[in-house]
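Colleague: Here it is, the structure in full.
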Amino acid sequence: MKVFNLNGDEWDRTEERAGWRSKDAWVGHHIGAELLGGSMYELEPGDRLWPYHTHHANEEWVIVLRGEPTLRTPEGEQQLREGDVVAFPRGKDGGHQIRNTTDSPIRVLMLSTLVAPDLVEYLDTGKIGVRSVAGWSSGTECSSASSLTGDARSSRPRPAGRSGWVSTPTTRCADANSARSAGTANCGVPAKAILREVIDAPGGGARQ
């Protein structure tokens, strides 16, 4: 059996953009997971993980490994502590975002089911991303109110079985009803090129 230590410092990706500085480890991939995704994140002080979003096909959990992250949900914001576990149900009631408002790095483990297709909704902007079994759909420019837009996961292909998505080229859509798709815990992984469009921030950057 494969083993991955959550107290170690083995990372698969580093995000250096201001406001989104983090490191993530593809835990599910490292232990050979197939049905569940798992990604560990270490987030720098003052920064955040992914835009505020929810999944309509996948349930996600966050487990606090280190520090006191601030969790945003539809109920407002609350500070978590080490050992806390929170489940994010499918649909708008499961909206979530993690921020670090402390002076030290925080570390969390994101777990999720890996159901495809999935629809990811960015609740602050009304934008939507769609993931099919084959990955994020590609090549479509969308502008009408019934198109879907991209999610915050990396446009680089990633191994299956991690928390986040295995992405293929993505669609770029302007409003709340255009289409695209992807596979790891689903947040975990923000797709950098699409993230720039979704949050209008420089650089790239969950999956969920």
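What follows draws every value from the coordinates through simple rules; no lab data is involved. Since this is a predicted model, take the numbers as computed values, not measurements. With ideal geometry, Cβ positions are generated from the backbone for all residues, glycine too; neighbour counts draw on all protein chains shown.
Colleague: Which GluC sites (Glu not before Pro) in the range 62-101 pass both tests, a DSSP loop state and at most 15 other beta-carbon atoms within 10 Å? Mind showing how you got there, number by number?
Modeller: On the way: sites: Glu75, Glu77, Glu82; in loops: Glu75, Glu82.
The qualifying sites are Glu75, Glu82.
Colleague: Along the range 23-31, what does the Karplus equation 6.51 cos²θ - 1.76 cosθ + 1.60 (θ = phi - 60°) give for ³J(HN,Hα), rounded to whole Hz, x for Gly and Pro?
Modeller: Values per residue, Gly and Pro as x: 10, 9, 10, 8, 4, x, 5, 5, 9 Hz.
Colleague: Can you compute 3J(HN,Hα) from phi for each residue in the range 49-55, using the Karplus curve 6.51 cos²θ - 1.76 cosθ + 1.60 with θ = phi - 60°, rounded to whole Hz and x for Gly and Pro?
Modeller: Values per residue, Gly and Pro as x: 9, 6, x, 5, 7, 9, 10 Hz.
Colleague: Turning to a different aspect of this structure: Can you work out the Karplus-derived ³J(HN,Hα) for every residue in the range 100-115? Use 6.51 cos²θ - 1.76 cosθ + 1.60 with θ = phi - 60°, whole Hz, and x for glycine or proline.
Modeller: So the Karplus estimates, Gly and Pro as x, are 10, 9, 9, 9, 10, x, 10, 9, 9, 10, 9, 10, 7, 6, 10, 7 Hz.
Colleague: Under 12 Å from the Cβ of Gly67, count the other residues' Cβ atoms, weight Lys and Arg +1, Asp and Glu -1, and hand me the total.
Modeller: Numbers: positive: Arg66, Arg81, Arg99, Arg107; negative: Glu42, Glu44, Glu68, Glu82, Asp84, Asp103.
Every neighbour counted, the sum reads -2.
Colleague: Please order Phe88, Phe4 by the number of other Cβ within 10 Å, starting at the fewest.
Modeller: Phe4, Phe88
Colleague: Neighbouring Cβ atoms within 10 Å as the yardstick, rank Ile31, Ile98, Ile63 fewest first. Don't jump to the answer; show the numbers that get you there.
Modeller: On the way: Ile31 15, Ile98 24, Ile63 18.
In order of increasing Cβ crowding within 10 Å: Ile31, Ile63, Ile98.
Colleague: Rounding to the nearest 20 debye, state how big the charge dipole of the range 97-136 is about its Cα centre with +1 on each Lys and Arg Cβ and -1 on each Asp and Glu Cβ.
Modeller: On the way: 4 positive and 4 negative charges, 17 e Å.
The dipole of the range 97-136 has a size of about 80 debye.
Colleague: Starting from 0.36 nm per residue, how many nanometres of slack lie between Thr70 and Ala87 once their C-alpha separation is accounted for?
Modeller: Numbers: separation 17, 0.36 × 17 = 6.12 nm, distance 1.48 nm.
Contour length minus Cα-Cα distance gives 4.6 nm.
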